[in-house]
Amino acid sequence: MDLRDTPEQAQFRAEVRAWIDVNLPADKRGSRGGAQRFDDPFMREWSKQLYAAGYAGLTWPKEYGGAGAPYSHQALLYEELAAAQAPPHIGVIGLGMAGPTIIAHGTSEQKARYLQPLLAAEEIWCQGFSEPDAGSDLAAARTRAERKGDVYVVNGQKVWSSFAHIADFCILVTQSDPAGPRYRNLTYLIVDMHAPGVEVRPLRQITGEAEFNEIFFTDVEVPVENRLGDEGDGWAVAMTTLLHERGTLGFALTATLDGMVGRLLEEAQGRETSELMREAIAREWIELQALRYTNYRALGTLERTGIPGPEGSGVKLRWSEANQRLTKLARELRGPNGILDDGWWNHQQLRSRGNTIEAGTSEVLRNIIAERVLGLPKGR
Ligand SMILES: Cc1cc2nc3c(=O)[nH]c(=O)nc-3n(C[C@H](O)[C@H](O)[C@H](O)COP(=O)(O)OP(=O)(O)OC[C@H]3O[C@@H](n4cnc5c(N)ncnc54)[C@H](O)[C@@H]3O)c2cc1C
């Protein structure tokens, strides 16, 4: 298999690179991420520029505001953005999760209403799946949606909702039939975050910043036309969201890791490093190459079926663990300063702790890989 760019891919790559050179100012490259990006007006501006250039929703159908490009172009775009250390589009959850779920399960009215503003960074989305007593076990969600005429009345609490404090809409998994059978009693709703009865309370993370939140719903009226899929089909709709969360993120994550390995190498240049340290750095570079090839395999599945396969769980698992090791290594490389200073690597190391929890914990992902990729017997 020849993994080099085809002439057409090489041309697209060159176009992207030239566009980034012109549009991304040098002082906006290599931002450390975190909550500070929400305060910088450039982040929305940059997202809008990505959209105007056709780079937001690159693979989405043109009728929904996308560019209708092949998935391989998405991979190239991620690689070039990462190489330039460009900031991501601000609507991470909308682009990666809400949008693909609406494309798969939404009505034509929902597609017309929500997709374009999401790509254009005019509306931000959050994900209301986890609850205090339902994280990995999403089927145990208890936030109640009770049908009353033309609305669902929603009561309950979600937790760890990234970006809820700046979000306009939430993709919400609710319990619509408490007496119904497990997996058949959930309903998936699109909730207006500005509706009466929605209260967002930020939660502070180990980084000291508050990027995620609790959301409380008290008698929130959600119009029935905001339901995605049928009543009781919320589990199946949520699985589409999660497949996209883990599946299509692979290239973005690997591309980011590529940038991190590059920075780690820069950090190591000109320093006295032990053999053990050099081996550890080389190991991270090798891991990165393995992830890259696993992504190509996942890309093959995506191009054949249009749906991300379970390989995405493998990439997410290995990336999250690599990111934790790598950021720790960088701090060690910097010696005592690496622990004492309040700089870029320190922030990355602290933020990386959540990587093995968000979007499926490592234990849950190992179960998925064992059962669905390796075909081992189910644990329960
Ligand atoms: C930075 C960050 C951002 C997040 N953003 C969002 C968001 O935007 N929206 C949202 O809805 N949620 C979000 N989450 C929540 C995240 O999805 C949950 O934390 C995660 O699903 C785990 O759920 P839990 O915390 O309830 O832990 P639990 O599910 O209670 O798990 C506790 C421990 O038990 C283990 N465990 C659980 N089940 C099994 C099993 N079957 N086999 C083996 N081990 C198991 C887990 O691996 C874990 O170690 C975010 C989390 C983080 C850290």
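The values are calculated or read from the model by the stated rules, or taken from the named source; none is laboratory data. Note that the coordinates shown come from a computational prediction; the quantities given were computed from them, not determined experimentally. So basically every Cβ, Gly included, is an ideal-geometry build from the backbone, and we count neighbours across all protein chains shown. For accessibility, only protein heavy atoms count, side chains too; no ligands or nucleic acids. Shrake-Rupley method; radii C 1.70, N 1.55, O 1.52, S 1.80 Å.
Quick look at the numbers
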item	result
Test set (1) open to solvent by 20 Å² or more (accessible area, probe 1.4 Å); (2) touching a residue at least 40 places away in the same chain (Cβ under 8 Å); (3) within 13 Å of the ligand (Cβ to nearest atom); (4) among the aliphatic types (A, V, I, L, M) - VAL200 fails condition number	(2)
Pick from the range 225-241, criterion open to solvent by 30 Å² or more (accessible area, probe 1.4 Å) and of a type outside the set (D, E, K, R), ranking: nearest to ILE369 (Cα to Cα)	MET239
Candidate set from the range 136-145 (those that are of a type outside the set (A, V, I, L, M) and more than 13 Å from VAL364 (Cβ to Cβ)); member that is nearest to the ligand (Cβ to nearest atom)	THR143
Condition met for ARG331 (touching a residue at least 12 places away in the same chain (Cβ under 8 Å) and in contact with a helix residue (DSSP H, G or I) (Cβ under 7 Å, 6 or more places away or on another chain))	yes
Residue list for the range 354-380, restricted to those being in a loop (DSSP other than H, G, I, E, B) and either surrounded by 15 or more Cβ atoms within 10 Å (Cβ to Cβ) or near the ligand (Cβ under 8 Å from one of its atoms) (or both)	ILE357, GLU358, ALA359, GLY360, THR361, GLY379, ARG380
Residue in the range 124-135 that is away from the ligand (no atom under 11 Å from the Cβ), open to solvent by 50 Å² or more (accessible area, probe 1.4 Å) and at pLDDT 95 or above present	no
The listed residue being under 30 Å from GLU209 (Cβ atoms) and either open to solvent by 40 Å² or more (accessible area, probe 1.4 Å) or not hydrophobic (A, V, I, L, M, F, W, C) (or both), out of PRO310, PRO336	PRO336
